[in-house]
1. So which residues in the stretch 83-97 are open to solvent by less than 70 Å² (accessible area, probe 1.4 Å) and without any contact (Cβ under 8 Å) to a residue 60 or more places away in the chain, if there are any at all?
2. Residue check: is Val197 part of a strand (DSSP E or B), touching a residue at least 24 places away in the same chain (Cβ under 8 Å) and under 19 Å from Glu22 (Cβ atoms)?
3. Working only within the stretch 156-184, note down all residues that are within 19 Å of Leu123 (Cα to Cα), in a strand (DSSP E or B) and touching a residue at least 60 places away in the same chain (Cβ under 8 Å).
4. Check whether at least one residue in the stretch 73-92 is under 19 Å from Pro171 (Cβ atoms) and more than 13 Å from the chain's Cα centre (by Cα), and report yes or no.
5. Give me the residue from the stretch 106-124 that is within 20 Å of Glu40 (Cβ to Cβ) and surrounded by 16 or more Cβ atoms within 10 Å (Cβ to Cβ) and, out of that set, nearest to the chain's Cα centre (by Cα).
6. Quick check on this structure: which one of Arg80, Arg61 is free of Cβ contacts under 8 Å to residues at least 40 places away in the same chain, in a loop (DSSP other than H, G, I, E, B), farther than 18 Å from Ser149 by Cβ and open to solvent by 50 Å² or more (accessible area, probe 1.4 Å)?
7. Looking only at residues in the stretch 38-52 that are in contact with a strand residue (DSSP E or B) (Cβ under 6 Å, 6 or more places away or on another chain) and not charged (D, E, K, R), which one is most open to solvent (accessible area, probe 1.4 Å)?
8. On the given criteria, is Gly139 free of Cβ contacts under 8 Å to residues at least 24 places away in the same chain, surrounded by fewer than 20 Cβ atoms within 10 Å (Cβ to Cβ), in a loop (DSSP other than H, G, I, E, B) and not aromatic (Phe, Trp, Tyr)?
Amino acid sequence: MPSHRELDALLDPAGTVLITVECQQGVVGTAAALPQLAHEARESGALVNIARLVAAAHAHRVQVVHAVAERRPDGRGANRNARLFRAAERLPVQQLAGTDATRVAPPIEVAKQDLVVRRLHGLSPVQGTDVDALLRNLGCRTLIVTGVSANVAIPNTVFDAVNRGYTVVVPSDAVAGVPADYASAMIRHTLALVATVATTDEVLDSLRRTGPAEAEVRPE
C-alpha cells in the first residue's frame with residue numbers, strides 16, 4: 001500500500017479525475033444483464049465504496065466522469081468480433097441508449113458538474129471515445145479508476161490510461177469482478193504492476209487532506 005505522502009502527491013484535486021466504469025443499472029443494478037456480477041458489486045461493498053468516492057470527489061472539487069456502455073436498438077456501430085459481444089446480444093437485459101439500463105445506478109449520485117461519456121463499441125471507455133480528450137482538457141494527471149468489471153473493462157481502462165501517460169490509482173475495494181478471487185488476483189498480480197493500488201478509505205483520507213471542501217454537493 002502507498003504511504004500517505006505518496007498518495008497525497010498523486011491526488012492533487014487540480015490534476016485528479018475519478019472515473020466510474022459501467023456503474024449503470026443494467027450492469028450493477030438489481031435487474032442487471034449479468035446477475036452474478038451485479039451481486040458481487042453490491043455484496044462486496046464495491047458499489048457503496050464507489051458512491052462514497054464519488055461523493056468525496058464532489059465535496060473536494062475532483063472532477064467525476066461516468067463511463068457508460070450502451071447500444072442502439074438496431075446494433076449499428078457495435079462490435080461483433082468477440083464471443084462476449086455476441087453473447088451480450090442474447091442477454092435478457094440490453095444496454096439500450098435512453099433506457100433505465102444505461103442510467104448510473106444508485107447509490108452513486110450524478111452531480112451537475114459530472115461528465116457522462118457513452119460508448120457504442122469496444123471494451124474500454126478510453127479507447128475510441130471522448131474520454132482521453134476530456135481528461136487532457138481537464139488537466140488530468142492522475143485517474144482514479146472504479147467500477148466493473150475486473151475481468152474486462154477495468155484492465156482495459158487502466159492499461160489505456162497508462163499507455164496515454166496518465167498515472168492511475170485503483171481503489172481495490174471499489175472494483176468488482178467474477179469470481180471474486182479472480183478479481184483480487186487481477187488487481188494484485190496485474191494492475192498493481194502499472195497502477196497504485198489503495199483502499200477506498202485511504203483514497204478518502206487523502207482527498208480530505210489535499211482537497212478543499214465544498215459547502216454543498218448538488219446532484220442532478
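1. Restricting attention to the stretch 83-97, the residues satisfying the condition of being open to solvent by less than 70 Å² (accessible area, probe 1.4 Å) are 85, 87-89, 91, 93-97.
Within the stretch 83-97, Phe85, Ala87, Ala88, Glu89, Leu91, Leu96, Ala97 qualify.
2. On the way: part of a strand (DSSP E or B): yes; touching a residue at least 24 places away in the same chain (Cβ under 8 Å): yes; under 19 Å from Glu22 (Cβ atoms): no.
So Val197 does not fit the description; no.
3. Val175, Ala176
4. Filtering the stretch 73-92 down to residues under 19 Å from Pro171 (Cβ atoms) leaves none.
For the stretch 73-92, residues under 19 Å from Pro171 (Cβ atoms) and more than 13 Å from the chain's Cα centre (by Cα): absent.
5. Kept after step one, since they are within 20 Å of Glu40 (Cβ to Cβ), are these residues of the stretch 106-124: 106-108, 123.
The next check asks that each one be surrounded by 16 or more Cβ atoms within 10 Å (Cβ to Cβ); those that pass are 108, 123.
Numbers: Ile108: 11, Leu123: 13 Å.
Only one residue tops the list, namely Ile108.
6. On the way: Arg61 fails: free of Cβ contacts under 8 Å to residues at least 40 places away in the same chain.
Exactly one of Arg80, Arg61 is free of Cβ contacts under 8 Å to residues at least 40 places away in the same chain, in a loop (DSSP other than H, G, I, E, B), farther than 18 Å from Ser149 by Cβ and open to solvent by 50 Å² or more (accessible area, probe 1.4 Å), namely Arg80.
7. If we filter the stretch 38-52 for residues that are in contact with a strand residue (DSSP E or B) (Cβ under 6 Å, 6 or more places away or on another chain), which is where we start, we get 40-41, 44, 46, 50.
Within this subset, residues satisfying the condition of being not charged (D, E, K, R) are 41, 44, 46, 50.
Numbers: Ala41: 3, Ser44: 60, Ala46: 2, Ile50: 5 Å².
Result: Ser44.
8. Numbers: free of Cβ contacts under 8 Å to residues at least 24 places away in the same chain: no; surrounded by fewer than 20 Cβ atoms within 10 Å (Cβ to Cβ): yes; in a loop (DSSP other than H, G, I, E, B): yes; not aromatic (Phe, Trp, Tyr): yes.
So Gly139 fails the test.
The values are calculated or read from the model by the stated rules, or taken from the named source; none is laboratory data. Because the structure is a prediction, the values reported are computed rather than measured. Methodologically, a virtual Cβ is constructed for each residue, glycine included, from the backbone with ideal geometry; neighbour enumeration extends over all protein chains shown. Protein only, heavy atoms only, side chains kept; ligands, DNA and RNA dropped before computing areas. Shrake-Rupley method; radii C 1.70, N 1.55, O 1.52, S 1.80 Å.
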